[in-house]
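For reference, the structure discussed in these notes is given below.
The values are calculated or read from the model by the stated rules, or taken from the named source; none is laboratory data. Predicted model only: the values in this text are computed from it and were never measured. Neighbour counts are summed over all protein chains in view; Cβ atoms, including those assigned to glycine, are modelled from backbone coordinates with ideal geometry. When the accessible area is computed, the model is the full protein with side chains, heavy atoms only, and any ligands, DNA or RNA have been set aside. Shrake-Rupley method; radii C 1.70, N 1.55, O 1.52, S 1.80 Å.
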Amino acid sequence: MKYFLIGYMGSGKSSLGRLLAEELNIPFYDLDTYIERQENLTIAQIFKTKGEIYFRKIEHEKLKELLAERKAMVIALGGGTPCYAGNMELLLENGKSIYLQYPLEVLVDRLWIAKEQRPLIAQLETKELLEDFIRKHLFERAPYYMQANHRIKLEYESLEEVVQKLQVLLQQG
C-alpha cells in the first residue's frame, strides 16, 4: 500500500512521513526532495529559474514515477501537489491519502518561524500578511485536500503523538 501525506506547507508531512514509514517498516519518499535530486536544483531554484509551470509538470512526472514502483511506501507531498495536473485523482487510485489538517493559527505560528526557508512566503513582512496568504491558499486548496481518504485534525501534538494517531487511523482502514 502507498500512503500519501497531504496538507499545507508547515504541516509536518516530511517529518511525520519519515517516522510513519519507520513504524510501518516501508520506504519513505519526500516528493520535493526526490525532485531536487532528479533536477539537481532546490525547489526554490526551480521556481526562480524555470517557473512554477515547469515545476508542476516535473512534480506530476516524478509523482507518476513513484506510483509506478510496485512496493509499499509513504510519500510526503508538496502542499500544492494534490491541486494540479489531476494529481489528486492519481492519489485516490493508487493508495491511501491522509490530509494533515491544522487550524490556520497553528500554520501561521509554524510558518512565521521558518518563513525565510520558504520561497513562497519569505517576502511577507508581517504575521497578518502571512495569515492572509495562508487563508487564501487554504480556501483554494480545500476542495482537493478534502478529497483525501482520511482526514486527521491536529493542533499542537508532538510528532510521536501524530504518528500514533496515524497508525490507529490506518489500522481502522
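Numbers below:
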| item | result |
| --- | --- |
| Three-way shape label, the chain, alpha-carbon gyration tensor, a/c 1.5 | oblate |
| Paramagnetic label zone (point 7 Å from Cα along Cα-to-C-beta, Glu105; backbone N under 15 Å) in the range 141-173 | 154-157 |
| Relative contact order of the chain, pairs being alpha-carbon contacts under 8 Å that are 6 or more residues apart, as % | 32 |
| Amide H contacts of Arg151 (H built 1.01 Å from N, under 5 Å, at least 5 apart or other chain) | Tyr99 |
| Whole-Hz couplings from phi, Karplus 6.51/-1.76/1.60, listed for the range 87-104; x for Gly and Pro | 5, 4, 4, 4, 5, 5, 7, 10, x, 10, 9, 10, 8, 8, 9, 10, x, 3 |
| Cross-link pairs beyond the 31 Å C-alpha cut-off, checked among Lys62/Lys136; Lys50/Lys153; Lys13/Lys127; Lys71/Lys136; Lys62/Lys127 | Lys50/Lys153; Lys71/Lys136; Lys62/Lys127 |
| Other-chain or far-sequence residues with amide H under 5 Å of Phe4's (modelled H) | Ile75, Lys96, Ser97, Ile98 |
| Phi-based couplings in Hz for the range 32-43 (Karplus 6.51, -1.76, 1.60; Gly and Pro marked x) | 4, 5, 4, 5, 4, 5, 5, 8, 6, 9, 6, 4 |
| Point-to-point label distance, Lys165-Ala72, nm (Cα→Cβ direction, 7 Å offset) | 2.3 |
| Förster radius 25 Å - calculated FRET efficiency between Gln45 and Phe139 (Cβ-Cβ, nearest 0.05) | 0.30 |
| Cα centroid separation - the range 126-159 against the range 38-101, whole Å | 18 |
| For the range 53-64, 3J(HN,Hα) per residue [Karplus equation, 6.51 cos²θ - 1.76 cosθ + 1.60, θ = phi - 60°, Hz, x = Gly/Pro] | 4, 4, 4, 5, 5, 5, 4, 4, 4, 5, 4, 4 |
| P(r), alpha carbons of the range 20-66 - 10 Å bins starting at zero, rounded % | 26, 48, 20, 7 |
| CD proxy at 222 nm, helix term only [per DSSP H run n ≥ 4: -39500 (n - 2.57); per residue of the chain; nearest 500] | -18500 deg cm²/dmol |
| Cα-projected label distance for Lys153 with Ile113, points at 7 Å along beta-carbon direction, nm | 2.4 |
| Accessible-area order (highest first, 1.4 angstrom probe) of the listed residues Met9, Met1, Met73, Met146 | Met1, Met146, Met9, Met73 |
